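> Structure in structure tokens, see below.
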Amino acid sequence: MTPTPSRPLLGPRSSRRLAVLLAALGTLALGVITVYVINALTFASVLTEVTLSTRVRLDVDAGLGLPGGFTLAGDNLVVRLIADDLPVGTRLLVVTGTLLPWLCAGLAALAFARVVWDLGSENPFRPLHARLVVVIAVLWAIGSWVTPQVVRAGSVEVLELAGDPADLAPATDTSSLIITWFGLLLLLAVAEVFRRGARQAHDVDGLV
Amino acid sequence: MTPADDGDRPHRVSCHLDELLTERGMSLVELSHRTGVSTVNLSVLKNDRARAVRFSTLTAVCDALGCQPGELFSVTPG
């Protein structure tokens, strides 16, 4: 019995259009990052994340004068601190925390664009694609887990330079090992699918 | 004609489709019509660039040419 061919989600044209869009977004992200870094090195002030102490938080609650039955929720309120005249190293550290996820996303978009370009072709399973998906997995791990550590390190350094104000604490670590590992394993599984697919494609190459 | 490599291990299988077609006065296009196998695939087979052959392809070609697989292929001495 001949199996009915199913219509693919991405045909040759749509996969190439999507790839061009991804490549454009990736290139745009890298361009914006370059401009941002140049600005950070040119201008003295940067924005870093810090958290308000519980005392300030309670003062905010009192100052708001909310009617009965309404209460603000959440502690470690995150605010952004504008810091002027910082050393270049500190500025770069703070800016890296802001830009790292975008850098990872931009590079991942470029790598994914290369994979998507061939998805609608006759031979989407190639060893290169497996390697590119592994690269995307590594970029995901850096973007999701390393970034909060860098943000926190930048925040600690800025607060040290500011003389450690009593009511401000460094940014909290928002990284989630569960989300990082889940995404990483998912992407590595996709890479394995491409690797095995490439091996099978090699096996049937020349089959008549 | 040099037998094709399979990428990992070389083989010494030669296909005699060209001779069988000549003997029967049949063209590749006609064989393609009779077997339902594309001319591209038959050309790959004829020029020893195939690395594997489906039994269904082999059956169709042998039926159309009135031959046995042994007449279609031979293994050249190493």
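The values are calculated or read from the model by the stated rules, or taken from the named source; none is laboratory data. Predicted model only: the values in this text are computed from it and were never measured. Glycine also receives a Cβ, built like all others from the backbone with ideal geometry; neighbour counts cover every protein chain displayed.
> Mind listing whichever residues of segment A:173-208 are away from every other protein chain (no Cβ under 14 Å) and of a type in the set (Lys, Arg)?
If the condition is that a residue be away from every other protein chain (no Cβ under 14 Å) and of a type in the set (Lys, Arg), then A:Arg195, A:Arg196 are the ones that fit.
> Still on this structure: Scan segment A:92-106 and tell me whether some residue there is touching a residue at least 60 places away in the same chain (Cβ under 8 Å), under 30 Å from A:Pro8 (Cβ atoms) and within 24 Å of the chain's Cα centre (by Cα).
Looking through segment A:92-106, at least one residue is touching a residue at least 60 places away in the same chain (Cβ under 8 Å), under 30 Å from A:Pro8 (Cβ atoms) and within 24 Å of the chain's Cα centre (by Cα).
> May I ask you to list the residues in segment B:48-78 that are loosely packed, with under 12 Cβ neighbours inside 10 Å and among the polar types (S, T, N, Q)?
Those that are loosely packed, with under 12 Cβ neighbours inside 10 Å and among the polar types (S, T, N, Q): B:Ser56, B:Gln68, B:Thr76.
> Hey, among A:Leu18, A:Leu41, A:Leu66, A:Leu22, which residue is more than 25 Å from the chain's Cα centre (by Cα) and either more than 20 Å from A:Gln149 (Cα to Cα) or part of a helix (DSSP H, G or I) (or both)?
Only one candidate passes the filter, namely A:Leu66.
> How many of the residues making up segment B:40-49 are facing chain A (nearest Cβ under 7 Å) and out of contact with any Cys (no Cβ under 7 Å at 6 or more places or on another chain)?
3
> Condition (residue is touching a residue at least 24 places away in the same chain (Cβ under 8 Å), in a strand (DSSP E or B) and within 14 Å of chain A (Cβ to nearest Cβ)) applied to segment B:53-72: is it met by at least one residue?
no
> Scan segment A:132-154 and give yes if some residue there is farther than 30 Å from A:Gly206 by Cα and among the basic types (Lys, Arg), otherwise no.
yes
> Right, here's the next one. Given the criteria under 25 Å from the mean Cα position of the chain (by Cα), over 28 Å from A:Gly154 (Cα atoms) and at pLDDT below 90, does A:Leu119 qualify?
So A:Leu119 passes the test.
To keep it simple, each residue is scored yes or no on (1) in contact with a Lys or Arg (Cβ under 7 Å, 6 or more places away or on another chain); (2) crowded, with 17+ Cβ neighbours inside 10 Å; (3) part of a loop (DSSP other than H, G, I, E, B).
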| position | (1), (2), (3) |
| --- | --- |
| A:Ala108 | no, yes, no |
| A:Ser121 | no, no, yes |
| A:Ile142 | no, yes, no |
| A:Gln149 | no, no, no |
| A:Leu159 | no, yes, no |
| A:Asp164 | no, no, yes |
| A:Thr174 | no, no, yes |
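Residue by residue, here is whether (1) surrounded by fewer than 14 Cβ atoms within 10 Å (Cβ to Cβ); (2) in contact (Cβ under 8 Å) with a residue 60 or more places away in the chain holds:
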site	(1), (2)
A:Ala137	no, no
A:Gly154	no, yes
A:Val190	no, no
A:Gln200	yes, yes
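> If you check every pair at least six apart or on different chains, which have Cβ atoms under 9 Å apart with a residue in segment A:44-68 that is under 26 Å from A:Arg152 (Cβ atoms) and touching a residue at least 24 places away in the same chain (Cβ under 8 Å) first and a residue that is of a type in the set (Gly, Ala, Ser) and assigned to a loop (DSSP other than H, G, I, E, B) second?
A:Thr48/A:Ala171; A:Glu49/A:Ala171; A:Val50/A:Ala171; A:Thr51/A:Ala171; A:Ser53/A:Ala166; A:Arg55/A:Ala166
> Consider A:Val146 carefully, then state whether it is in contact (Cβ under 8 Å) with a residue 24 or more places away in the chain and farther than 27 Å from A:Pro12 by Cβ.
Spelling it out, A:Val146 is indeed in contact (Cβ under 8 Å) with a residue 24 or more places away in the chain and farther than 27 Å from A:Pro12 by Cβ.
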